[in-house]
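Data block below; observations after.
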Amino acid sequence: LILKAAKLMRNFLRNQDLGAVIHLEKNIPIGAGLAGGSSDAAATLFGLNLLWDLSYSKECLLEMAEKLGSDVPFCLDGGTQYCFGRGEKLEKIENSKNSMAIILVKDPKVSVSTPWAYSKYKDINSTNYLSSEVDFENQRIKLRESPCFNPLSLMNPPPLKNDLQGIVLKEVNTVKTTIDIIAKLPGSIGFAMSGSGPSCFALYPDFLSAQKVWLDHKNNLKELGLDSWCCELLASGVFLS
């Protein structure tokens, strides 16, 4: 995806003489349902825009990002957003003031193919898919007007629901085990599988709360063969540090 992003930008410029040396330090596990590849692609677009002094607007970069994958635009823009369409149509939730955090847990021996998970879900549920733009827009309106987001509040957190979780949980034993474990972590305001799995997370109201629980339990998680992290949610997408 990094190479695809770089070639896409170079072809967009119609200048094959541009080049770069790119080094990737891969911290997000592969096949983890965490959009690691998508964030790599977003970082490539962002970085080459600076390196090649192109001054492309965010809107232009988002158009390129959409060509690379459904999650890439969000990774580029970040924050708290509704993601409609395939995920590439973004609408910021402006009244989001919370700096929440998660405890993330994954079995390092297991990965899940995103195309497999979606295909499996489609086999079972395709007859229930919405098909008209009117139906899609009605669902968007319901989300926009939901009291869970107006305002987004820790006193009334939105329900965490991942339609792929039920599919993957039946096929990948480690997901059921991980969900059962994080469900018992104290102080969380919700938990779910991330993306197409197998990573799972527990949501916390702030980083210090999450960090304390994580430090208390990370050795136990390690003894169970599980990797874990504590991460603060960011208010933006890709940035230069």
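The values are calculated or read from the model by the stated rules, or taken from the named source; none is laboratory data. From a predicted model like this one, the values you see are computed outputs, not experimental measurements. Don't worry about glycine lacking a Cβ; one is built from the backbone with ideal geometry, like all the others, and counts go over all protein chains shown. The area values use the complete protein model at the heavy-atom level, side chains included, leaving out ligands, DNA and RNA. Shrake-Rupley method; radii C 1.70, N 1.55, O 1.52, S 1.80 Å.
Out of 222, 176, 212, I need the residue that is modelled with pLDDT under 95, open to solvent by 20 Å² or more (accessible area, probe 1.4 Å) and part of a helix (DSSP H, G or I). Which one? Steps first, answer last, please.
On the way: 222 fails: modelled with pLDDT under 95; 212 fails: modelled with pLDDT under 95.
Exactly one of 222, 176, 212 is modelled with pLDDT under 95, open to solvent by 20 Å² or more (accessible area, probe 1.4 Å) and part of a helix (DSSP H, G or I), namely 176.
Do we have residue 203 as more than 21 Å from residue 33 (Cα to Cα), touching a residue at least 24 places away in the same chain (Cβ under 8 Å) and either open to solvent by 70 Å² or more (accessible area, probe 1.4 Å) or among the hydrophobic types (A, V, I, L, M, F, W, C) (or both) here? Taking the combined requirement at face value, the residue does not satisfy it.
Within the group 137, 63, which residue is closer than 30 Å to residue 11 by Cβ and out of contact with any helix residue (DSSP H, G or I) (no Cβ under 8 Å at 6 or more places or on another chain)? Before the answer, list the steps.
Working: 137 fails: closer than 30 Å to residue 11 by Cβ.
Exactly one residue qualifies, and that residue is 63.
Only one entry in 185, 143, 154 is within 28 Å of residue 76 (Cβ to Cβ) and not in a helix (DSSP H, G or I), namely 154. If you go through region 61-82 and pick out every residue that is touching a Pro at 6+ places or on another chain (Cβ under 8 Å) and open to solvent by 20 Å² or more (accessible area, probe 1.4 Å), you end up with 2. Could you tell me whether residue 162 is without any contact (Cβ under 8 Å) to a residue 60 or more places away in the chain, surrounded by 17 or more Cβ atoms within 10 Å (Cβ to Cβ) and either acidic (Asp, Glu) or under 30 Å from residue 214 (Cβ atoms) (or both)? Answer is yes for this residue. Filtering region 9-55 to residues that are open to solvent by 60 Å² or more (accessible area, probe 1.4 Å) and at positive phi leaves 14, 53, 55. Selection of region 127-144 for residues being under 16 Å from residue 83 (Cβ atoms) and open to solvent by 100 Å² or more (accessible area, probe 1.4 Å) yields only 142.
Yes/no per residue for (1) among the aliphatic types (A, V, I, L, M); (2) over 23 Å from residue 214 (Cα atoms); (3) in contact with a strand residue (DSSP E or B) (Cβ under 7 Å, 6 or more places away or on another chain):
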position	(1), (2), (3)
148	no, yes, no
171	no, yes, no
178	no, no, yes
189	yes, no, yes
